[in-house]
Each structure stands twice: as structure tokens, then as C-alpha cells.
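Remarks on the structure that follows.
None of the figures in this text is laboratory data; all of them are computed from the coordinates on show. Nothing here was measured: the structure is a model prediction, and the numbers come from that model. Positions of Cβ are generated from backbone atoms using ideal geometry, with glycine treated the same way; all protein chains shown enter the neighbour counts.
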Amino acid sequence: MENFPFQKYSLPKQYLLSTVFILVISTACYLFSDFIGYKVVALILLVAVSLTAMFFDIKPVLLSAIVSALVWDFFFIPQKFTFSISSAEDILMFLMYFVVALVNAALMTKIRQIEKKAKEKEEKENTLKLYNTLLNSLSHELRTPISTIIGATDNLQSMADKLSELNKHELVTQISKASLQLDRQVGNLLNMSRLESGYIQPKKDWFDINELIYDVLNQLKDELGNHPVHVAVKDNTPLFKLDYGLIVQVLHNLIHNAAENIPKYAVITIRANCKQDKLVIVVEDTGYGFPEDEIERVFEKFYRLKNSKTGGTGLGLSIVKGFIEAMNGTVALENMQDGGAVFTIEIPSEISYINLNVKE
Amino acid sequence: MSQPLILVIDDEAQIRKLLEITLHTSDFKVKEAASAKEGLALAKNSNPDLILLDLGLPDESGHLVLTKLREWFTKPIIILSVQSSEENIIRALDNGANDYLVKPFRTGELLARIRSSIRSLLPNNSTKLNFTNGLEIDYSNREVKKNNEVIKLTATEYDLLTLFAKNEGRVLTHQYLLREIWGPGYINQSQYLRVFIAQLRKKIETDPNKPEYIMTESRVGYRFIAKDNL
């Protein structure tokens, strides 16, 4: 429907533009009226009215139909410069012109309405497709851990005497893993629905970025295990005034993602500094990086890498992007030359270099 | 205290069962209530040493139950709730809750919080506090030692540390700390708090980035703990 560029103009503007268009065409016809007969002029004007019908709303089109009929009558039908028409044939022509112009306008509008409906239908289908993707992804990612829990507990209940201690321990470990996974999925879904509802209103408060990073690392200490993690916060980095909880969630998702998908020996590095009133956080790892042809898409909702293992909903990175954008920031993903991914976050923020001796 | 009594107020039978087993196994006595009404009555009758309170009760809001309990109940109350918004957490802490755990919680974490809350009940009239991992506060001399070495603290740092030490195990909200240390006019000046916490950690923690005493309670505040609770 982008083919109707003038519809975004206000109605008065559309009236003006369509009338001017008809008048310009009429003037051109008038200049050449010695070479073309007035009946040909009628056809040219009809084409002009059709063109306005393609670009404008119904009312401006009807106006141009009327204007063109009057112009044709006044300037072209003999007797020129009067509205009176002498021959019966010309009266008939005039009436037919009027009807054709109006029908033309009405039909054009109708076609556009049908196109609009088709587009709405397409949008509805797209939403449905997204919804189905969600349901598929959800039922898989939620039911896998639930199946594990139900199956493992069944075994523990009904076959307790046959299971070796080692097997019992293994089953309990699986239950534990599955329930933590389930908890994370639900957390992602809740965050996603917060984003979708537009409910997120960042609550700004002063924080120390170094403290925040270690807070996240502490929350993730089980998931990180023995992964080497480096934190590099520049000396004299000021305090920032942003939503602590949102940034924690962003870093949580990025670091958790890295920990799940890189080899054990790979290093995760988190850097932070202040660049021109912006908080800059870089999360990089020495893992495999992302497939170049998929980098563009990783922040899309429900997008999952083609070779990704189970356990994700394809929501983690879209939440990252959504939360950062809710704070008017940006996030970019690149691969390092020798492999490994680099996420760079920039968020505009108030900053404070508070002097320690101010309030003792 | 031989076997402290814990009252669980939660309408979910599953959670009550889980808590009962967890607490019994760790040598606590347990009483259970499934509604606000029942919980308030049991609190009066049995006078527990600690209450675990759910906020989503069927007959009355847990926030209201907390307020009613705090009219007379002075021992620790720990909130267990699925609600994780900071509004809820801060509201509960402001209304007198000692601690707040979001469901699902790890039982190890819960037991640590319970123990540290109960320990804060022990009579403590001494002028000197000794913490298990080498920290010492001598109130009479306003002196702080780490591994027998005197640590030089500014007046504000000392006030902050003693406020923490006197509320061991309790989550202190940013607003509370700002009000107590700097005064009511400063409750929005959280930049002071951030800077002084960082300074204090540099002086008393072995690794300021992995604190053993002053723990960050994400979005809400700070909690002072002694090492053996971990």
C-alpha cells in the first residue's frame, strides 16, 4: 500500500493537490487545443482523474472529477467560455463524462479498500505464525524439563529399591537441572511479556558499575563454574544513573549465554567505562563467535541459531536488546578476528564523580 | 536456644511440605498455617522464634499480615514470595520484614538466612563484637580491627559499619541506610551510599569485589553477614 504516497497528506492538502493537478493538465490541453479535438481532451482528463484516484482519498478524487467536468465544459466544449452546451451529442458526452469520472473514482477507491483488507489479512497471518512459533518453542522448551522431572520422580518413586545409589543421585541431578532450566525459561517469558506490554519504565538510581558486574557474576556463579572471567572497569569510572535491575538482567543474559555456548577454556571478559556521558559495557569471549550470516538476526524474537542446542527459547538476546532500547541505548554484536563474540552496549546516562570528602 | 520454633504461613501445601522437611532436617521445630487468620492466631499462641511469611495468602494480603504481626511480634520475619519487584520487596522490608527471599529459592540459602536472623536475636550487650572471619568492632573505643590490625575508618564509615553489624543478617534498604547515616534529607542521594560502600569494602573486605561481610542485595539494599553463614 506504499503505492499511495499522497494519502499521508492532510485532506485539505489532498484537495489542493488533486485540483491543481487537474488544472495543470487542463492548461496543457488548452495550449494544444488547436491540434487536439475537445473529445480527445475528455479522454485525457479522464486519465488524469484516474491518476488522482490512485493517489488520493475518495473525496478529493470526486472533487477532481467535478472540476474536470466543469473545466471541460467551460473551456473546451463549443461554445467555449460558457457552461451552456448547444448540441445534444455534447450534452450526452458531458453527462457520460461525468458518470465515467465518478464511477472511475469509486472503483479505484474500492480496489484500494480490497488491497487494504488483503494486507490486514497478511498481517494477521504473520501474527499467527509468530504465535505458533512461540507455542512450538514454548511447548518444547517447557515440556522437555517437565518431562525430565516427571520421569525421574516416577523412577525414584516406583523403582527406588532397584535403583543403585549412583543412579538415584543421577536422577536427582537431572531433576535439579531441569527445574533450574524451567525457572529460567519462565523468567525469560515474564521479561518478554513485560517488554511486549510496553510496561517497562526504567527506574533510575545511582550505581557503581563495578559492583553491578560482580553482583551479576555472583548470581551466576553456579552456571559459570570454572570458566575464567575477567572484569576490567577503568579507574575513575563515575557512578551512573540508570535502571540497575534492567542492566543486571542484560548482563545476566549475555554472560549466561556465553557460559553456555563457549568451550570450557574460553575466557569471558567484561569491560566497562564512561565515554562522553555514556555507559559503555563490553562483554566478549574467546569462544567460537556467531555465524556471520546469522549475526543480523540473533536479536530477533524467537530467533535461534541454526546449530543451537536445546535449552533456549530464542528470547535471551531479544530481551537484552529490548531492555537496552528501553533505556535509549544500543547494543551491537561483532565477531573478533580470531573467533569469539563481542557485545558492545552503550547507554546514555547522567554521571557523577562525587568527591569523597563532600559529606563526611 | 535448643530447638528454635519456626512458624510457616503459606497457603501452598507443596511449599509447606518442602519447608517442613527442610526445617525438621535442620533441627528446627515447625508449625504451619495455611491462611492469614490461622497464621496470626498461631503466632499469638505459640510465640515462635521466627516466622516465614508468604505474601500471596488467600484471605488477606501478606503485607497486611506483616503489619499486624509487627504491632507486637519483635522476632525475625522472613518473607517468601513469588513477587520479585523491588516495590514489593522494599515495602515488606520497610514494614518490618528482616529478609526477603523470592520463590523459587534454594533451601541452602533459606537456612543460611534463617540462622543468621536467629543469631541476631541472641543477647548482645557487650561493647565488643567479634566476627568469625577476623573482624572486630570495639564500641567503647570506636575501634575496628581486621586480623588484629587496626583499620582506620572515617566517622561515616564507622557509623555505616556499626549500623550493619547491629543488624546482622537483616536486609537494610538503600533508603534506610541513607536516612540513618546521612539523615532524612538524603534518602535520594544514593550516590553517597554507593561511594561509601565501595570505600568501606576496600578497607574491611579481603577482596572488595567478592565481599564476605557487606553483601549486595540487588536493586534493594545491603546485608551484613558473618562468614559461617555462607
Span from the the stretch A:204-236 Cα centroid across to the the stretch B:149-166 one, whole angstrom: 25 Å
Hey, which aspartates and glutamates would be in cross-link range of B:K146, C-alpha to C-alpha under 20 Å, not counting anything within fewer than 8 residues on its own chain? B:E136, B:D138, B:E157, B:D159, B:E168, B:E205, B:D207, B:E212, B:D228
May I ask for the angle, rounded to the nearest 10°, between helix A:209-219 and the longest principal axis of chain A, with both axes built from Cα atoms and the value confined to 0 to 90°? 70 degrees
Calculate the tail of P(r) for chain B: the fraction of all Cα-Cα distances greater than 31 Å, expressed in %. 24 percent
Please give the helix B:107-119 orientation as an angle from the longest Cα principal axis of chain B, in degrees from 0 to 90, rounded to the nearest 10. 70 degrees
The protein assembly as shown: percent of C-alpha pairs farther apart than 48 Å? 36 percent
Using only the Cα atoms of the stretch A:5-122, what do you get for the radius of gyration and for Dmax, in Å? 15.4, 54
Work out the mean other chain Cβ neighbour count within 10 Å for the residues of B:183-191 and drop it here as an integer. 3
In a Gaussian network model of chain A with springs linking alpha carbons closer than 10 Å, the residue among A:N126, A:N257, A:N167 that fluctuates most is A:N167
To the nearest 10 degrees, the tilt of helix B:36-46 (Cα long axis) against the first principal axis of the alpha carbons of chain B is 70 degrees
Collect residues whose amide H, placed 1.01 Å from N in the peptide plane, falls under 5 Å from the amide H of B:V8; neighbours closer than 5 in sequence don't count. B:K31, B:E32, B:A33, B:L52
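Calculated from DSSP H runs of 4 or more alone, at -39500 (n - 2.57) each and per residue, what is the 222 nm mean residue ellipticity of chain A, nearest 500? If you can, show how the numbers build up before the last one.
Details: 9 runs with 200 residues, N = 360.
About -19500 deg cm²/dmol.
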Charge dipole (chain A, unit charges on Cβ, about Cα centre) - positive-most of A:Q185, A:Q79, A:N104: A:Q79
For the stretch B:128-229, report the convex hull volume of the alpha-carbon atoms normalised per residue, in Å³, without decimals. 95 Å³
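Cross-link list A:K129/A:K306; A:K241/A:K275; A:K204/B:K103; A:K129/A:K301; A:K241/B:K103; B:K68/B:K166: which exceed 22 angstrom alpha carbon to alpha carbon?
Details: A:K129/A:K306 19 Å; A:K241/A:K275 14 Å; A:K204/B:K103 26 Å; A:K129/A:K301 13 Å; A:K241/B:K103 29 Å; B:K68/B:K166 25 Å.
Beyond 22 Å between Cα atoms: A:K204/B:K103; A:K241/B:K103; B:K68/B:K166.
Arrange A:M108, B:M215 by Cβ neighbour counts within 10 Å, fewest through most, would you?
Working: A:M108 20, B:M215 16.
Listed from fewest to most nearby Cβ atoms, that is B:M215, A:M108.
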Take the stretch A:152-307, compute every pairwise Cα distance, and split them into 5 Å bins from 0; I just need the percent in each bin. 2, 7, 13, 15, 16, 17, 12, 7, 5, 3, 2, 1, 0, 0
Who wins for biggest fluctuation among B:L161, B:L18, B:L52 in a Gaussian network model of chain B, springs between alpha carbons below 10 Å? B:L18
